[in-house]
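Note sheet for the following structure.
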Amino acid sequence: MTSTADQRRRIHILTGYDPELKAAYVVDITKDPKKTSTKDLTPTQAQSIINKLAMNWAAFDKDNPKHLLILSLLMQMGWTRPSERFGEVADLGRFNAFLKSLKSPVRKPLLDMTPAEVSQKLIPCLESMIGKQYAK
């Protein structure tokens, strides 16, 4: 049995209609590099991808200093949004989309990342993005 048309449509929407990103998630869940289409998924696998993509990957631990550093880096990059209560805050919606994209060095929710993934991959990536932004 293959995934339903509604599930396939939802996956396409959640991946921003990016065929490479969609294929990466299908390969990741099926563990088969030859399967890149959402039609290759079972309904359970499709629902698993939908649940994974629909959740907020940018949720952070306020007691983790590395997560606070990431918030600071987002502010330095200009990934901010206005807040009536706090003035300007980090745009976690944009960060959420970044973590789910192919550009992210670690494609998984921030709270699920290991300390090594955060400090050795994600933070250097964000610092590099800041460096490139100021080099212009």
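The numbers here are math on the coordinates, done by the rules we state, and not lab data. Please read all numbers here as calculations on a predicted model, not as lab measurements. Using ideal geometry, Cβ is built from the backbone for each residue, glycine included, and neighbour counts are taken over all protein chains shown.
Overview of results
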{"read-out": "In degrees, nearest ten, helix 123-135 long axis to first principal axis of the chain (Cα)", "value": "60 degrees"}
{"read-out": "Residue pairs, from the table Lys31/Lys103; Lys35/Lys66; Lys34/Lys132; Lys39/Lys121; Lys34/Lys100; Lys62/Lys108, whose Cα atoms sit over 29 Å apart", "value": "Lys35/Lys66; Lys34/Lys132; Lys39/Lys121"}
{"read-out": "The chain, relative contact order in percent, only Cα pairs under 8 angstrom and at least six apart counted", "value": "21 percent"}
{"read-out": "For the stretch 65-135, size of Cβ-based charge dipole, Lys and Arg +1, Asp and Glu -1, in debye", "value": "220 debye"}
{"read-out": "0 to 90° range, to nearest 10: angle between helix 43-54 axis and the chain longest Cα axis", "value": "20 degrees"}
{"read-out": "Amide H contacts under 5 Å for Thr80, placed H, 5+ residues apart", "value": "Asp91"}
{"read-out": "Alpha-carbon centroids, the stretch 108-136 and the stretch 1-80: separation in whole Å", "value": "18 Å"}
{"read-out": "Compactness index (Cα Rg / 2.2 N^0.38 Å), the chain", "value": "1.17"}
{"read-out": "On Cα atoms only, tilt of 65-77 relative to the major axis of the chain in degrees", "value": "80 degrees"}
{"read-out": "Magnitude of the charge dipole, the stretch 5-54, Cβ model with Lys/Arg +1 and Asp/Glu -1, debye to 20", "value": "120 debye"}
{"read-out": "Coil-residue trypsin sites (Lys or Arg not before Pro) of the stretch 41-88, DSSP, other Cβ within 10 Å capped at 14", "value": "Lys62, Arg85"}
{"read-out": "Within the chain: Cβ-based charge dipole about Cα centre, in debye rounded to nearest 20 (Lys, Arg +1; Asp, Glu -1)", "value": "360 debye"}
{"read-out": "Lys/Arg +1, Asp/Glu -1 at C-beta; the stretch 33-136 dipole; positive extreme among Gly93, Ser128, Ile50", "value": "Ile50"}
{"read-out": "Candidates per chymotrypsin sites (Phe, Trp or Tyr not before Pro) in the stretch 36-136, loop by DSSP, up to 12 other Cβ within 10 Å", "value": "Phe86"}
